[in-house]
Amino acid sequence: SSMARRARSSRAWHFVLSGVRREAESWAGSSAQLAWGYDSDGQYSDSDSEAELSSLSPSVPSAIPVTGESYCNCESQSQAPYCASLHALHRLKDCRCGEEDEDFDWVWDDLNKSTATQLSCDNRKVNFHTEYSCGTAAIRGTKELAEGQHFWEIKMTSPVYGTDMMVGIGTSDVNLDKYQHTFCSLLGKDEDSWGLSYTGLLHHKGDKTNFSSRFGQGSIIGVHLDTWHGTLTFFKNRKCIGM
């Protein structure tokens, strides 16, 4: 992943997560003040921001999940062989490596999400398209990313595949339901958001740049927003991948 620079602005940002495929799951953990996430191509902005994460499927979506990119090597993260039923790719038991159960400064916002999302675990876990996928879904965090330093992490707790799964930030102008009937990379489609795709591409203003290696089930994606310097930095499995 990488870090992006941008001129300061008065617009508020949120952390966002979104997805277009079935049963995309993510856990949120943060040591920052505010954030939001959505599923699609990612967006980023500096001052007064909120984070975003997104996930979506391509016109010819990839049905084979990304493997070998997990934060840990525990037994519950072992990858099952691919088969026609995507349900067979789920782990027999949940992996809790790298997760924390307290000190959360924000959770996913039940009032700011696409219809194809389902929250659990006190709104710290989100599932996209639990029944079927016909478009792109997204969700914001509960806090606005105000002036200062913000850091948060998102863990991919289910197989990652399809058009896109993204983590990033965006302003309140981002319409989470705009592409609910279209498969796309939501974050980074315009200047109101930045998004890091699971494919390793960074999206902003409709452009995409090769930024990092892919991420998948078990990966922990960290985001550091510095509104003082106007920078956005990404981490994968607790290692910096770019600014």
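The values are calculated or read from the model by the stated rules, or taken from the named source; none is laboratory data. These numbers come from a predicted model, not from an experiment. So basically every Cβ, Gly included, is an ideal-geometry build from the backbone, and we count neighbours across all protein chains shown.
Which residues, counting only those in region 93-115, are part of a loop (DSSP other than H, G, I, E, B) and out of contact with any helix residue (DSSP H, G or I) (no Cβ under 9 Å at 6 or more places or on another chain)? Within region 93-115, Gly98, Glu99, Glu100, Asp101, Glu102, Asp103, Phe104, Asp105, Trp106, Val107, Ser114, Thr115 meet the criteria. Note on region 169-203: among residues that are aliphatic (A, V, I, L, M) and crowded, with 24+ Cβ neighbours inside 10 Å, the one that is farthest from Ser70 (Cα to Cα) is Val174. Within region 207-222, is there a residue that is under 15 Å from the mean Cα position of the chain (by Cα), aromatic (Phe, Trp, Tyr), crowded, with 24+ Cβ neighbours inside 10 Å and in a strand (DSSP E or B)? No - not one qualifying residue is present in region 207-222.
If the condition is being within 17 Å of Glu99 (Cα to Cα) and touching a residue at least 60 places away in the same chain (Cβ under 8 Å), then region 109-126 contributes Cys121, Arg124, Lys125, Val126. Within region 70-93, being surrounded by fewer than 15 Cβ atoms within 10 Å (Cβ to Cβ) and modelled with pLDDT of 70 or more holds for Cys72, Asn73, Cys74. Residues in region 155-168 include none that are touching a strand residue (DSSP E or B) at 6+ places or on another chain (Cβ under 9 Å) and surrounded by fewer than 21 Cβ atoms within 10 Å (Cβ to Cβ).
Kindly indicate whether any position in region 180-194 is over 15 Å from Trp108 (Cβ atoms), in a strand (DSSP E or B) and either over 16 Å from the mean Cα position of the chain (by Cα) or not hydroxyl-bearing (Ser, Thr, Tyr) (or both). Within region 180-194, one or more residues are over 15 Å from Trp108 (Cβ atoms), in a strand (DSSP E or B) and either over 16 Å from the mean Cα position of the chain (by Cα) or not hydroxyl-bearing (Ser, Thr, Tyr) (or both). Selection within region 114-154: residues that are within 16 Å of the chain's Cα centre (by Cα) and among the polar types (S, T, N, Q). The member of this set that is surrounded by the fewest Cβ atoms within 10 Å (Cβ to Cβ) is Gln118.
If you go through region 165-175 one residue at a time, do you hit one that is closer than 20 Å to Gly242 by Cα and acidic (Asp, Glu)?
Scanning region 165-175 turns up no residue that is closer than 20 Å to Gly242 by Cα and acidic (Asp, Glu).
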